[in-house]
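The values are calculated or read from the model by the stated rules, or taken from the named source; none is laboratory data. Worth saying up front: this structure is predicted, and the values here are computed from it rather than measured. Heads up, the Cβs are rebuilt from the backbone with ideal geometry, glycines too, and the neighbour counts pull from every protein chain shown. Just the protein is used for accessible areas: all its heavy atoms, side chains included, with ligands, DNA and RNA removed. Shrake-Rupley method; radii C 1.70, N 1.55, O 1.52, S 1.80 Å.
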Amino acid sequence: MKKSGAGYSRKIQMWPYLFALPFVLSYLIFQLFPVGYSFFLSLFDWNGVSDREFIGLKNYSDLLFHDPLFWKSLRNTITIMMLAIPLTIGIGLLLAQLTFQLVKGKRFFQTAIFTPYITTPVAIGFIFSYMFDWQSGILNTILTKIGVLAEPYYWLQTPFTAQCIIALMFVWKNFGYFMTIYLAGMTAIPQDVYEAAKMDGSSSVNTFFKITLPLLKNISIFLIVTTIITGFQLFDEPKLLYGGWGANTIGGPDNAALTVIWKFVDNSFISDSRMGYGSAMAYMLFIFIVIFSLISYRVTSGKADK
């Protein structure tokens, strides 16, 4: 009877491992193996068809010291993020505060604001292409009719305005997500704190800056760090805005819209088919993401968390 009981116990203990096995195998095959194989490829010169030629770290040295377009794509990505992230956080927080206090129509407004986040990137690209088109864009039509502009402006063909439009696309798509995360944080704040502040005569603005904002600090850090990671992978918005897959040139006007991921895709699969070079670029991007994430965490977390 004891042997039978021990065997039954061992059989029961195996079930958790059996249930976890599909996930573990999938993770090993589709996550860890590509990461390791990508580093392996970064040490070779290979176009995906011919024989691989081992060249050591030459792909990394070429990328860092002989490819100015890589550094320009990195500067473009950082510039777009610096334009987009503060605006996205500010608008998301403001909308969260406004909709949180609504008595009627709260669900409707929150759903409407969240809708851009689930809109397909293709649709977003068409919307902004139409809005900022030189000839038929609605923005130039309005500004010329009210006399602000004497003639239509080339919004999409000027380097700085091109980066601003991409940043605006990022803001428009993501402020609903930011609002939702901030709403979840506001819901978790005890109402006793607000009632005590109200009894002490605190105004709404003072309560927001002295109570709500500090208590949402951890959420703000989470959003900043995750947005930086997402921002370094920016690809859909600039790619859809400037010609799609059939475009003859990359990066928009003066390569101002070229991001690191766009350059990675172009070098690896479109223009050059340099798999090893693309793998080296992916690893350098990973290192930059880690560095900027750590810096942003240390800056935003403050002295108390150091």
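For the range 47-69, a residue qualifies if it is of a type in the set (A, V, I, L, M, F, W, C) and at pLDDT below 90, and exactly one does: V49.
For the range 45-66, which positions are in contact with a Lys or Arg (Cβ under 9 Å, 6 or more places away or on another chain) and either open to solvent by less than 30 Å² (accessible area, probe 1.4 Å) or under 17 Å from F232 (Cβ atoms) (or both)? Correct list: N59 only.
The residue pairs whose first member lies in the range 246-274 and is on the phi > 0 side of the Ramachandran plot, whose second member is modelled with pLDDT of 85 or more and surrounded by 23 or more Cβ atoms within 10 Å (Cβ to Cβ), and whose beta carbons are closer than 6 Å, counting only pairs six or more residues apart or on different chains, are G251/A257; G251/L258; G252/A162.
Listed here are the residues, each with its yes/no results for (1) closer than 19 Å to T226 by Cα; (2) open to solvent by 40 Å² or more (accessible area, probe 1.4 Å); (3) at pLDDT 90 or above.
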position: A112; (1), (2), (3): no, yes, yes
position: T120; (1), (2), (3): no, yes, no
position: S136; (1), (2), (3): no, yes, no
position: V148; (1), (2), (3): no, yes, no
position: P152; (1), (2), (3): no, yes, no
position: A162; (1), (2), (3): no, no, yes
position: M169; (1), (2), (3): yes, no, yes
position: Y182; (1), (2), (3): yes, no, yes
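A single entry from T111, T77, T99 fulfils the requirement of being hydroxyl-bearing (S, T, Y) and more than 12 Å from T180 (Cα to Cα): T77.
Table: residues versus (1) more than 21 Å from the chain's Cα centre (by Cα); (2) within 15 Å of Y60 (Cα to Cα); (3) not aliphatic (A, V, I, L, M).
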site: S271; (1), (2), (3): yes, no, yes
site: G278; (1), (2), (3): no, yes, yes
site: A282; (1), (2), (3): no, yes, no
site: F286; (1), (2), (3): no, yes, yes
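In the range 175-188, the residues that are assigned to a helix (DSSP H, G or I) form Cβ pairs under 6 Å with partners that are open to solvent by less than 20 Å² (accessible area, probe 1.4 Å) and among the hydroxyl-bearing types (S, T, Y), at six or more places apart or across chains, as follows: F175/T88; F178/T88. For the residues K239, K210, the requirement of being farther than 28 Å from F108 by Cα, open to solvent by less than 20 Å² (accessible area, probe 1.4 Å) and either out of contact with any Pro (no Cβ under 6 Å at 6 or more places or on another chain) or modelled with pLDDT under 90 (or both) singles out K239. Residues in the range 194-205: is at least one under 16 Å from the mean Cα position of the chain (by Cα) and without any contact (Cβ under 8 Å) to a residue 24 or more places away in the chain? Scanning the range 194-205 turns up no residue that is under 16 Å from the mean Cα position of the chain (by Cα) and without any contact (Cβ under 8 Å) to a residue 24 or more places away in the chain.
Restricting Q101, Q97 to those that are in contact (Cβ under 8 Å) with a residue 24 or more places away in the chain, within 23 Å of K217 (Cα to Cα) and over 18 Å from the mean Cα position of the chain (by Cα) reduces the list to Q97. Within the option set I165, I142, being free of Cβ contacts under 8 Å to residues at least 12 places away in the same chain and either in contact with a Phe, Trp or Tyr (Cβ under 8 Å, 6 or more places away or on another chain) or in a helix (DSSP H, G or I) (or both) holds for one residue only, I142.
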